[in-house]
1. Using only helices, what value at 222 nm comes out for the chain when you add -39,500 (n - 2.57) per DSSP H run of length 4 or more and divide by the total residues, to the nearest 500 deg cm²/dmol?
2. Counting other Cβ atoms within 10 Å, keep those with at most 16, restrict to DSSP loop, and tell me which GluC sites (Glu not before Pro) in region 120-223 are left.
3. So how much slack lies between Lys17 and Glu117, counting 0.36 nm per residue of separation and subtracting their Cα-Cα distance, in nm?
4. Relative contact order of region 144-212, please, whole-number percent, based on alpha carbon pairs below 8 angstrom and at least 6 residues apart.
5. What does the charge dipole of the chain about its Cα centre add up to, to the nearest 20 debye, if the Cβ of each Lys and Arg holds +1 and the Cβ of each Asp and Glu holds -1?
6. Loop only per DSSP, at most 15 neighbouring Cβ atoms within 10 Å: give me the trypsin sites (Lys or Arg not before Pro) in region 154-213, ordered by residue number.
7. Would you work out the relative contact order for region 87-223, in percent, from Cα pairs under 8 angstrom that are 6 or more residues apart?
8. Ranking Asp62, Asp201 by Cβ neighbours within 10 Å, fewest first, what do you get?
Amino acid sequence: MASEKKDMFNYIEETLKPMPKEECTKMYADWSDKYEEDMPGCGYNAPQGAAAKFNELNLPKDSKILDCGAGTGLLGKALTELGYTNLEALDGCEKMAEKAKEKNIYKKITISYVGPEIELPLEPESYDALIMVGVFCPGHFPLHIGTFKQFLKVLKKGGIITWAMANPDRYAERDETYANNGFQKIMDSLVAEGLVEVVADHPKVQQDYLKGEDGFFWALRKL
């Protein structure tokens, strides 16, 4: 069993590299049937931890929440178990979304890629909160200020955008967009442009994010 866990963790590590979005989609489509069976093997506790950190923000349980990069719905399931009742999902992989649909926790699931030049097919300023987990890593959501600006378009003024992620420094050698403090520079630019403010006491350390490693939970408020 120990070797199986190690092998799965190594497999996840190997997938975290820059790749075209179509290649990433195929990877998850091929993986969709076994994804939830495999993930515990690499100590992936991020969805439950992110839901718990989100709950600390004390938003109303009927807040309209968009789960971005929802995959098979693990984060949505964790939020539902905490009492959130008004969830929608967005993902670029239809086969993963089909698995999420089976959980009957989302009022709506939208299939769309995410990126700085991609207008999300969603109503502008319609969500109270956006939440993401595990999407800011090489080969997944593009690390670009424009990506965040697209998210902000569908968020209400005063709404909250949140996400959980591993320490971005761990990706610096494999993806140049994460090098030289690239992630923090984007956060600083969003604040400097007057688009958001960082919610007090964030980012917070999210313990045991992946394989015993701590991650971070971010929360920004749209101005």
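1. Only helices count here, giving -9500 deg cm²/dmol.
2. In loop regions of region 120-223 (DSSP not H, G, I, E or B), the sparsely surrounded GluC sites (Glu not before Pro) are Glu125, Glu173, Glu193.
3. 33.9 nm is the gain from fully extending Lys17 to Glu117.
4. Answer for region 144-212 is 28 percent.
5. The calculated dipole for the chain is roughly 560 debye.
6. Arg174
7. Averaging sequence separation for qualifying contacts and normalising by length gives 21 percent for region 87-223.
8. Exposure proxy ranking, most exposed first: Asp201, Asp62.
Readers should treat all values here as calculations from the given coordinates under stated rules, not as data from a laboratory. Keep in mind that this is a model prediction, so the values were computed, not measured. Note that we place each Cβ from the backbone using ideal geometry, even for glycine, and neighbour counts take in every protein chain shown.
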